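Just so it is clear, none of the values below were taken in a lab; they were calculated from the coordinates. Note that the structure is a prediction, hence the values are computed from the model and not measured. Neighbour counts run over all protein chains shown; Cβ positions are idealised from the backbone, glycine included.
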Amino acid sequence: MTAMPTAAESVIAAARALLGDRLATASALREQHSRGEDTTTPTLPDAVAFPTNTEEVAALVTLCAQHGVPVVPFGAGTSLEGHVNPVRGGLSIDLSRMNNVLDVSAEDLDCLIEPGVTRQQLNEYLRDQGMFFPVDPGSVCTIGGMCATRASGTNAVRYGTIKENVLSLEVVLADGRVINTGSRARKASNGYDLTRLMIGSEGTLGIITKIRLRLHGIPEATSAAVCQFETLKGAVDTVIQTLQVGVPVARMELVDEVQMAACISYSKLEGYAPTPCLFLEFHGTEAGVKEQAEMVQAIAADNGGKGFAWATDAETRNKLWKARHDAYWAAIALEPGKRGIATDVCVPISRLDEALLGAKQDILASGLTAPICGHVGDGNFHTVILVDDKDPAALERAWELDKAIVHRALKLGGTCSGEHGIGIGKREFLELEHGPEALAVMRSIKQTLDPKGILNPGKMFRN
Ligand SMILES: Cc1cc2nc3c(=O)[nH]c(=O)nc-3n(C[C@H](O)[C@H](O)[C@H](O)COP(=O)(O)OP(=O)(O)OC[C@H]3O[C@@H](n4cnc5c(N)ncnc54)[C@H](O)[C@@H]3O)c2cc1C
């Protein structure tokens with residue numbers, strides 16, 4: 001007697017009939033979809049699907065709903081908190097082949113894209129049209145993944161996070177229905193804000209299949225600089241005072257001396273010393289940029305800043321920002337073979353010194369290597385705690401350090417995650433930050449939109 005096919009086998013057979021060889025069960029592909037850039041123990045999905053349009057995504061989700069099989073949306077797998085780990089198996093739906101720019105409007109400064117488009121691809125597409133898309137995580141990730149994690153980057157202090165730059169979404173719900181969450185209007189007072197509900201939902205409420213984005217005009221003038229400081233406190237105070245006097249900086253990134261040494265070595269930066277630094281960028285008219293730069297220079301000088309190394313030509317600027325974007329890999333390269341646990345706290349700007357200098361003390365006390373860098377213009381900073389993920393004692397120490405940094409940030413009125421999200425790694429912090437009542441509301445939203453619990457199960461909530 002032949003055994004009945006399991007639910008997963010039934011889904012695989014039907015999905016293969018739908019997608020042909022775009023439904024993969026080869027172990028290499030399943031391994032590639034078993035976790036992201038995190039330290040979770042990998043879990044293999046039963047299969048990986050590569051749809052190329054909304055109808056295929058909807059058909060796959062409908063199938064999984066019928067059979068009660070988990071569905072894990074997958075963009076580029078760069079998330080840092082175990083988001084894409086298919087902890088209960090099922091189907092990993094890889095959206096990277098849905099990567100078309102569908103429409104660009106120069107008149108309205110917006111565009112419609114598929115979720116697999118990366119910001120690098122979009123900016124390349126827009127390059128000759130005088131527009132750009134500003135949200136820039138330091139990874140090559142999909143804009144669908146950025147929406148799902150509520151991502152941001154170095155430009156957020158001036159242009160906002162992904163949340164402020166999405167006008168509307170097309171989403172496949174857990175039962176296969178397809179909805180649009182909004183219009184192209186710049187603002188709307190038109191019912192519950194489903195766009196914002198989906199942004200940051202980490203694949204637990206729906207699969208994003210189209211995204212309408214805001215674009216921005218390329219500024220008339222841009223200049224970037226690196227300012228080196230004697231102390232970390234000098235750099236942090238410069239950030240706080242710059243924001244408090246209202247200088248509209250476009251980018252203001254901090255690296256501590258450990259991270260700067262890592263960047264110098266990894267990105268072959270010449271002419272810099274391994275001291276705490278601010279990477280700055282100013283956008284505007286020629287006169288405006290000059291005025292902003294002079295104001296920040298004066299503030300930095302009062303705080304022990306040792307002059308500005310300017311990068312006015314595009315090539316030097318790009319090299320500088322590439323080095324900043326590669327800071328995570330530079331940190332990892334400090335101790336080859338180890339993985340990084342990235343903390344991601346964000347605090348009110350007036351409490352940044354307590355949060356950041358406190359974190360530095362915790363790191364020194366822990367004896368671990370953990371460079372600090374951050375989008376400090378938003379009060380957000382990261383430590384990349386280097387750890388051998390096969391050594392349980394070392395992992396334990398790293399998690400203790402992570403916890404100390406988060407607990408301090410929460411006490412200062414901040415959040416456990418400014419941009420990376422919750423996934424598996426920050427579930428206990430989500431409870432701590434929001435409390436039982438708010439968490440119960442979140443759970444009831446999940447229950448309403450995904451009653452069978454098939455969408456990215458095991459994430460955000462502990463059970
Ligand atoms: C070197 C490095 C630097 C980084 N720097 C930053 C940074 O500066 N700022 C920042 O915010 N993050 C940063 N990150 C984290 C990461 O790049 C972001 O979280 C990114 O948004 C993830 O996108 P992804 O395409 O890789 O998504 P994935 O990792 O594939 O998925 C992330 C989550 O989104 C869900 N998802 C993916 N696509 C969809 C979709 N179409 N519909 C619904 N759900 C979906 C997944 O299920 C998962 O829960 C960095 C990571 C690395 C490795």
DSSP bridge orientation in the stretch 335-435 - percent antiparallel, rounded to nearest 5: 90 percent
In Hz, Karplus ³J(HN,Hα) per residue of the stretch 73-78 (6.51, -1.76, 1.60; θ = phi - 60°; x = Gly, Pro): x, 9, x, 10, x, 9
Relative contact order of the chain, defined on C-alpha pairs under 8 angstrom at six or more residues apart (%): 15 percent
The stretch 29-170 - percent relative contact order, Cα under 8 Å, separation 6 or more: 20 percent
Likely footprinting exposure, THR43, THR383, fewest C-beta neighbours within 10 Å first: THR43, THR383
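Nearest 0.05, what FRET efficiency do ASP302 and GLU431 give at R0 = 35 Å with Cβ-Cβ as r?
Numbers: r = 42 Å, r/R0 = 1.20.
Given R0 = 35 Å and the Cβ-Cβ separation, E is 0.25.
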Ascending count of other beta-carbon atoms within 10 Å, so fewest first, for ASP353, ASP302: ASP302, ASP353
Least to most buried among VAL258, VAL117 (fewest other Cβ within 10 Å first): VAL258, VAL117
Net length gained if the chain between VAL140 and GLU164 were fully extended (0.36 nm per residue, minus Cα distance): 6.6 nm
Given LYS390/LYS459; LYS403/LYS452; LYS290/LYS411, the pairs whose alpha carbons are separated by over 27 Å: LYS403/LYS452; LYS290/LYS411
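Go through LYS163/LYS446; LYS338/LYS426; LYS319/LYS360 and tell me which ones have a Cα-Cα distance over 25 Å in this structure. Don't skip to the answer; put the middle values down first.
Working: LYS163/LYS446 20 Å; LYS338/LYS426 20 Å; LYS319/LYS360 27 Å.
Pairs exceeding the cut-off: LYS319/LYS360.
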Distance (nanometres) between label positions extended 7 Å along Cα→Cβ at SER444 and ARG397: 4.6 nm
Proximal lysines relative to LYS322, as straight alpha-carbon distance under 22 Å, when same-chain residues fewer than 8 apart are discounted: LYS268
Spacing of the two label points (7 Å from each Cα toward its C-beta) at ASP103 and ARG186, in nm: 1.9 nm
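Report the relative contact order of the stretch 7-94, percent, no decimals, based on alpha-carbon pairs under 8 angstrom and at least 6 residues apart.
On the way: 166 pairs, mean separation 33.0, N = 88.
Across the stretch 7-94, relative contact order equals 37 percent.
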Residue-by-residue Karplus 3J(HN,Hα) for the stretch 152-169, coefficients 6.51, -1.76, 1.60, Hz, glycine and proline x: 8, x, 6, 8, 4, 4, 9, 10, x, 8, 4, 4, 7, 10, 10, 8, 6, 9
Residue-averaged [θ]222 nm for the chain, counting only DSSP H segments that reach four residues, each worth -39500 (n - 2.57): -12000 deg cm²/dmol
